[in-house]
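Asks: Before anything else, here's the structure in question.
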Amino acid sequence: MDIIKTAAKNGAFLAPLAGISNLPFRLIARSQGCSLAYTEMISANGLVRKTAKTYEYLKTCPGDRPLGTQIFGADPQIMAQAVRIVEDSGVDLIDINMGCPVKKVIKTGAGAVLMKEPVLVGRIVDVVKKAVKIPVTAKIRSGWNRFSINAVEIAKILEDCGADAITVHARMADQGYSGQADWKIIAAVKKAVKIPVIGNGDIRQPQDALRMIDETSCDAVMVGRGVLGNPWIFKGIVDACSGQQVNYLPDLEQRLKMIENHWEMESQIYGDKVALRSFHKHILWYTKGLDNSSRFRELAGKLKDKESILHELNEYFRLLNMDRS
Ligand SMILES: Cc1cc2nc3c(=O)[nH]c(=O)nc-3n(C[C@H](O)[C@H](O)[C@H](O)COP(=O)(O)O)c2cc1C
């Protein structure tokens, strides 16, 4: 599939991250070399019922390309209606979530519980493929649990039913997000299918991406938590993959500028009030591990307005700069 192949040559992919991979986050990731980004998972039911909150997740702009929109659901007919809505919103590809382990999702038969339903997986992809012209991909787990590691079986079904690419998050559903990802599963899926395979799980440093490609032969890598507070990882991956010296971490001035730009974008797109609430987690991620950050982080949690937080942030960075000079 051209979009995936071209994007794979140009950099790494940003994972769908619920509550995180919104429009400003994707634009920030792209500014550092992310070559394909995904929305967070969007309910097929919500789209069909036209819930306002669900439509918010479709928000995009011309700079937000190429874009994959991820949907979750279990009823093939509803999903077919939902993906037509998504296609009309002008995105580049549709990804089907077959990996979310959250109770609220799996109790509806969607997400990772689909790993236990190979026949339904086939039907969903078949129906969805027929409903749209844009590429359809799926994001799967290694299996439901260690007694049912079936990523290869599911991948072959996906390929047979017309999926254009597969992302493998190499953890079992019952692991949630803990424990180590087993990249051997990605390698096994890559061997078993001809469509592009995107590897995911535990890329925390640019060199991890190189190692994943080397160990699994995957066509592209997708980064999840490694991007939190660290969008620069994409630049590092581009450098690592092109054999250049990897020197990607920003200096203090660049880090502060990134935080301010990111927040400004959140404010412009969602309004000051929403941004104030949603940006707190980003401040914690961006300042994690910096010298003496605990006092600032504690203070930022108590402050209630943007001006005071930005003032304290600037003050904290000024002191950091003084310490380092
Ligand atoms: C907070 C959070 C939200 C997530 N939301 C989604 C989601 O909406 N759709 C999805 O397919 N995976 C979701 N994931 C899983 C990630 O896309 C990714 O597969 C996982 O974090 C493993 O990659 P990593 O080890 O690089 O973080 C989420 C993970 C986290 C931590």
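Asks: Mean-square fluctuation check for the chain, GNM, Cα pairs under 10 Å: which of 216, 108, 69 is largest?
Replies: Fluctuation is largest for 108.
Asks: Rank by packing, highest mean first: peptides 251-262, 41-52, with packing defined as the count of other Cβ atoms within 10 Å averaged across residues.
Replies: 41-52, 251-262
Asks: Next up: To two decimal places, what compactness ratio does segment 140-221 give when its Cα radius of gyration is scaled by 2.2 N^0.38 Å?
Replies: That works out to 1.01 for segment 140-221.
Asks: In addition: Find how much the distance from residue 65 to residue 5 grows on full extension, using 0.36 nm per residue of separation minus their present alpha carbon separation; answer in nm with one decimal.
Replies: 20.1 nm
Asks: Starting from the amide H of residue 144, placed 1.01 Å from N in the peptide plane, find each other amide H under 5 Å away whose residue is 5 or more places distant or on another chain.
Replies: So residue 144 has HN proximity to 150, 173.
Asks: Mean projection of the alpha-carbon convex hull of segment 252-324 over all orientations, in nm²?
Replies: It is 4.3 nm².
Asks: While we're on this one: Compute the relative contact order of the chain as a whole-number percentage, counting only Cα pairs closer than 8 Å that sit 6 or more residues apart in sequence.
Replies: 14
Asks: Can you give me the convex hull volume of the Cα atoms of segment 100-191, divided per residue and expressed in Å³?
Replies: Expressed per residue, the convex hull around the Cα atoms of segment 100-191 is 94 Å³.
Asks: Quick query: amide H of residue 21 versus all other amide H atoms, modeled in the peptide plane; which residues come in under 5 Å with a sequence gap of 5 or more or a different chain?
Replies: Here the answer is 40, since their amide H atoms fall under 5 Å of that of residue 21.
Asks: Sticking with this one: Rank 27, 58, 299 by mean-square fluctuation in a GNM of the chain with C-alpha springs under 10 angstrom and give only the top-ranked residue.
Replies: 299
Asks: Using θ = phi - 60° and the Karplus form 6.51 cos²θ - 1.76 cosθ + 1.60, what ³J(HN,Hα) does each residue of segment 286-292 get, whole Hz, x for Gly and Pro?
Replies: Each residue of segment 286-292 in turn: 5, 9, 4, x, 6, 4, 6 Hz.
Asks: Sort 263, 144 by accessible area with a 1.4 Å probe, largest first.
Replies: Output order, biggest surface exposure first: 144, 263.
Asks: Filter the cross-link list 107/130; 9/130; 190/281; 257/281 down to pairs whose alpha-carbon distance in this structure exceeds 24 Å.
Replies: 107/130; 9/130; 190/281
Asks: Still on this structure: Write down the accessible area per residue of the chain in Å², having rolled a 1.4 Å probe over the full set of protein chains.
Replies: 46
Asks: Stick to Cα atoms and the Kirkwood definition of Rh, then tell me Rg/Rh for segment 2-241.
Replies: Expressed as Rg/Rh, it is 0.93.
Asks: How large is the Rg to Rh ratio of segment 224-284 when both quantities use alpha carbon positions and Rh follows Kirkwood?
Replies: So for segment 224-284, dividing Rg by the Kirkwood Rh gives 1.07.
Asks: Taking only the alpha carbons of segment 30-116, what extent do you get along each of the three principal axes, in Å, biggest first?
Replies: 37, 25, 19
Asks: Oh, and also: With θ set to phi - 60°, apply the Karplus curve 6.51 cos²θ - 1.76 cosθ + 1.60 along segment 300-314 and write out the HN-Hα couplings as whole Hz, x wherever there is a Gly or Pro.
Replies: 4, x, 8, 6, 10, 10, 4, 4, 5, 5, 5, 4, 5, 4, 4
Asks: Per residue, how much space in cubic angstrom lies within the convex hull of the C-alpha atoms of segment 183-301?
Replies: With only Cα atoms used, segment 183-301 gives 138 Å³ per residue.
Asks: So who's got an amide H within less than 5 Å of the one on residue 95, skipping anything under 5 residues away but keeping other chains? H placed 1.01 Å off N, in plane.
Replies: 69, 70, 71, 137
Asks: How compact and how long is segment 1-74, expressed as Rg and Dmax of its alpha-carbon atoms in Å?
Replies: Looking at segment 1-74, its Cα Rg and Dmax stand at 12.7, 38 Å.
Asks: When the accessible area of segment 2-241 is computed with all protein chains present and a 1.4 Å probe, what percentage of it is carbon and sulfur?
Replies: That share works out to 53 percent.
Asks: Could you give me the ³J(HN,Hα) list for segment 142-153, computed from phi with Karplus coefficients 6.51, -1.76, 1.60 and θ = phi - 60°, whole Hz, x at Gly and Pro?
Replies: 5, x, 6, 8, 5, 8, 9, 7, 10, 4, 5, 4
The values are calculated or read from the model by the stated rules, or taken from the named source; none is laboratory data. Quick caveat: nothing in here was measured; it's all calculated off a predicted structure. Positions of Cβ are generated from backbone atoms using ideal geometry, with glycine treated the same way; all protein chains shown enter the neighbour counts. For accessibility, only protein heavy atoms count, side chains too; no ligands or nucleic acids. Shrake-Rupley method; radii C 1.70, N 1.55, O 1.52, S 1.80 Å.
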